[in-house]
Amino acid sequence: MDWTPELSGQGGTVSGRLLTALRHDIIEGRLASGAKLPPHRELAHRLGIGIGTVTAAYAEAARQGLITATVGRGSFVADHTPAVTRGGGPIALDRNVPPLAAAQRRFAAAMARIARRADLADHLGYAPPAGLPSHRRSAAAWLGRIGGLRGIDPDRLIMTEGGQQAMSLAFEALCRPGDAIMTEAASYFGIKSIVQAGGYRAIGLKMDAEGLLPDALDEAALGGARVLYTLPTLQNPTGRIMGARRRAEIVAVARRRDIIIVEDDVYAAYAAGNAPAPLAALAPERCFYVGSASKALAPGLRTGFLIVPGPDEVERVLRLVRGRVYAPSVLGALVTCQWIDEGIADEIVTENGAEALARGKMAAARLGAAISAPADPRCPHIWLPMSELDAERLAARAMRAGVELTPPSAPLIDASLISGVRLCLGAPADRAELGTALDRVAAALDAESHAPAAAVV
């Protein structure tokens, strides 16, 4: 084949530059699946480099799965038809879910024990609007262990259908259509859905390496906004953690400006021992605290927790529950709380944390400097800061390669303050599938960095 790669203008070793050019031309479609590459000696002569250099580049390309080599036949571009998950479709790096193996191994046994429970019939009727008292007690104890929110009064805890419903109830209790909700400039996409459904307004606030800036919160409150939604621990999408001093400063602004805080702490399990006490521990009188089993155990349990400041807020939220769903589902909460009471929930959290750590190391090894390192290496999502245009191009290239990324616009509340791409590491079925996805993202990044620049006159 008459393939002559472009090696000029690139750093690194010659073999490394040749490998990068090969990967780039495969991603761009200049080298189709099955195309035969020039023999080592011929390409070395064409490029004016040593035959050993070509041999080294081809060998590494074969190791990475870019090409195949057969003695006597030569080297060929590997079949790079997009990889698919076991359920079909692209490999998903867009869904922020935990690795499910730890929960899956324990689920059948949990269901068998549930079937033998003497109180099973009690779980087949309607629960009280706040959830069964036994579930509320178990949840309060567990959140104290994994989130550091000690001494939770179960009477202030309401069982919900996941963290998203907990958020929805909090904002519906606090806001009217047209009201502003302040949050980080890039935030969990669910807040945008709530804003749209409720007719609210979202105000994106400036961040730094510790997340939300107190001065930005103070300035926004001067305009009349009185509700803040924030993720202080392993902020989604950036993976940042507010330090203890920063949290105290945020609380001070909230008290001075009479701001109510909705604190989303669903990633606390991945930062155990590495995050200060929640904002709700510092200012319980003005915090609605959101927890969930979805990120820590399994999203299919649909079990969330909302802790409210006091009796008045409890009654306000319960009126909404009665009007919207009458009562929370019991069966998901039954599995969750049985696991909590048996200590199995803590085992799953430990295993998921170890798996998240291993997956994070894989991402760091493959993507290197492109990553903004999360504040805890167990973080299940990573942030790649880049311009909006580069982010959209990367997402498109990754999709063509069979990897689905979070749409770059999804987490952005104020795109003038921050932009980038979030990768979620938990959804791939195993590390092999994740490795395939990360290699394809790395190739897409390489292709983007070597894309020809348009002439400007």
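The values are calculated or read from the model by the stated rules, or taken from the named source; none is laboratory data. Computed from a prediction, not measured in an experiment: that's the story for all the values here. No Cβ is skipped: glycine too gets one built from the backbone with ideal geometry, and neighbour counts run over all protein chains shown.
Would you check if there is a residue in region 322-334 being hydroxyl-bearing (Ser, Thr, Tyr), out of contact with any Phe, Trp or Tyr (no Cβ under 7 Å at 6 or more places or on another chain), within 21 Å of Asp119 (Cβ to Cβ) and at pLDDT below 95? Within region 322-334, one or more residues are hydroxyl-bearing (Ser, Thr, Tyr), out of contact with any Phe, Trp or Tyr (no Cβ under 7 Å at 6 or more places or on another chain), within 21 Å of Asp119 (Cβ to Cβ) and at pLDDT below 95.
Confirm whether Ala296 is more than 28 Å from the chain's Cα centre (by Cα), of a type in the set (A, V, I, L, M, F, W, C) and not in a helix (DSSP H, G or I). When the stated conditions are applied, Ala296 does not pass them. On inspection, Arg302 qualifies as in contact (Cβ under 8 Å) with a residue 24 or more places away in the chain, in contact with a Ser or Thr (Cβ under 7 Å, 6 or more places away or on another chain), crowded, with 21+ Cβ neighbours inside 10 Å and basic (Lys, Arg). Mind checking whether some residue in region 334-344 is outside any strand (DSSP E or B), under 22 Å from Ile194 (Cβ atoms) and assigned by TED's automatic domain parsing to the domain that holds Met242? No, region 334-344 contains no residue that is outside any strand (DSSP E or B), under 22 Å from Ile194 (Cβ atoms) and assigned by TED's automatic domain parsing to the domain that holds Met242.
Results for (1) part of a helix (DSSP H, G or I); (2) closer than 21 Å to Ala281 by Cβ, shown as yes or no for each residue.
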residue	(1), (2)
Ala121	yes, no
Gly125	no, no
Leu149	no, yes
Gln164	yes, no
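Among the conditions (1) assigned by TED's automatic domain parsing to the domain that holds Asp264; (2) assigned to a helix (DSSP H, G or I); (3) touching a residue at least 60 places away in the same chain (Cβ under 8 Å), Pro328 misses just one, which is (2).
Listed here are the residues, each with its yes/no results for (1) under 20 Å from the mean Cα position of the chain (by Cα); (2) in the same structural domain as Asp414 (by TED's automatic domain parsing); (3) within 23 Å of Pro311 (Cβ to Cβ).
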| residue | (1), (2), (3) |
| --- | --- |
| Asn274 | yes, no, no |
| Pro284 | no, no, yes |
| Tyr289 | yes, no, yes |
| Ser292 | yes, no, no |
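Look at region 193-216: where a residue is under 16 Å from Ala415 (Cα atoms) and assigned to a helix (DSSP H, G or I) and a partner is of a type in the set (A, V, I, L, M) and at pLDDT 95 or above, sitting 6+ places away or on another chain with Cβ atoms under 6 Å, you get Ala216/Leu205.
For (1) more than 17 Å from Leu234 (Cα to Cα); (2) in contact (Cβ under 8 Å) with a residue 24 or more places away in the chain; (3) not assigned by TED's automatic domain parsing to the domain that holds Ala141, each residue gets a yes or a no:
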| position | (1), (2), (3) |
| --- | --- |
| Ala356 | no, yes, yes |
| Arg359 | no, yes, yes |
| Gly368 | yes, no, yes |
| Pro374 | no, yes, yes |
| Cys379 | no, yes, yes |
| Leu394 | yes, yes, yes |
| Ala401 | yes, yes, yes |
| Leu405 | yes, yes, yes |
| Leu417 | yes, yes, yes |
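Surrounded by 20 or more Cβ atoms within 10 Å (Cβ to Cβ), over 21 Å from the mean Cα position of the chain (by Cα) and within 27 Å of Ala298 (Cβ to Cβ) - does that describe any residue in region 170-182? Among the residues of region 170-182, at least one is surrounded by 20 or more Cβ atoms within 10 Å (Cβ to Cβ), over 21 Å from the mean Cα position of the chain (by Cα) and within 27 Å of Ala298 (Cβ to Cβ), which makes the answer yes.
Looking only at residues of region 25-54 that are free of Cβ contacts under 8 Å to residues at least 40 places away in the same chain and of a type in the set (Asp, Glu), we find that the one that is nearest to Ala396 (Cα to Cα) is Asp25.
Residue under question is Ala185, and the condition is that it be assigned by TED's automatic domain parsing to the domain that holds Ala277 and in contact (Cβ under 8 Å) with a residue 40 or more places away in the chain; does it hold? Talk me through it step by step, then tell me what you get.
Numbers: assigned by TED's automatic domain parsing to the domain that holds Ala277: yes; in contact (Cβ under 8 Å) with a residue 40 or more places away in the chain: yes.
Criteria met by Ala185.
Close Cβ contacts (under 6 Å, 6 or more residues apart or on different chains) running from residues in region 1-24 that are modelled with pLDDT of 80 or more to residues that are among the β-branched types (Val, Ile, Thr) and part of a helix (DSSP H, G or I) comprise Val14/Thr53; Ser15/Thr53. Restricting Pro385, Pro452 to residues that are surrounded by fewer than 17 Cβ atoms within 10 Å (Cβ to Cβ), modelled with pLDDT under 95 and either within 22 Å of Leu234 (Cβ to Cβ) or not aliphatic (A, V, I, L, M) (or both) narrows the list to Pro452. Which one is surrounded by the most Cβ atoms within 10 Å (Cβ to Cβ) among residues in region 335-354 that are in contact (Cβ under 8 Å) with a residue 24 or more places away in the chain and more than 26 Å from the chain's Cα centre (by Cα)? Going through the qualifying residues, I end up with Gln338.
Out of all the residues in region 98-116, which are over 28 Å from Arg378 (Cα atoms) and either in contact (Cβ under 8 Å) with a residue 60 or more places away in the chain or in a helix (DSSP H, G or I) (or both)?
Met111, Ala112, Arg113, Ile114, Ala115, listed by residue number.
Mind listing just one residue for me: the one in region 115-149 that is surrounded by 12 or more Cβ atoms within 10 Å (Cβ to Cβ) and of a type in the set (D, E, K, R) and, of those, nearest to the chain's Cα centre (by Cα)? Only one residue fits best here, namely Arg145.
Considering (1) aliphatic (A, V, I, L, M); (2) touching a Lys or Arg at 6+ places or on another chain (Cβ under 7 Å); (3) at pLDDT 90 or above; (4) buried (at least 17 other Cβ atoms within 10 Å of the Cβ), the lone condition that Ala437 does not fulfil carries the number (2). Residues in region 174-189 that are assigned to a helix (DSSP H, G or I) and either of a type in the set (Phe, Trp, Tyr) or at pLDDT below 95 (or both): 1 in all.
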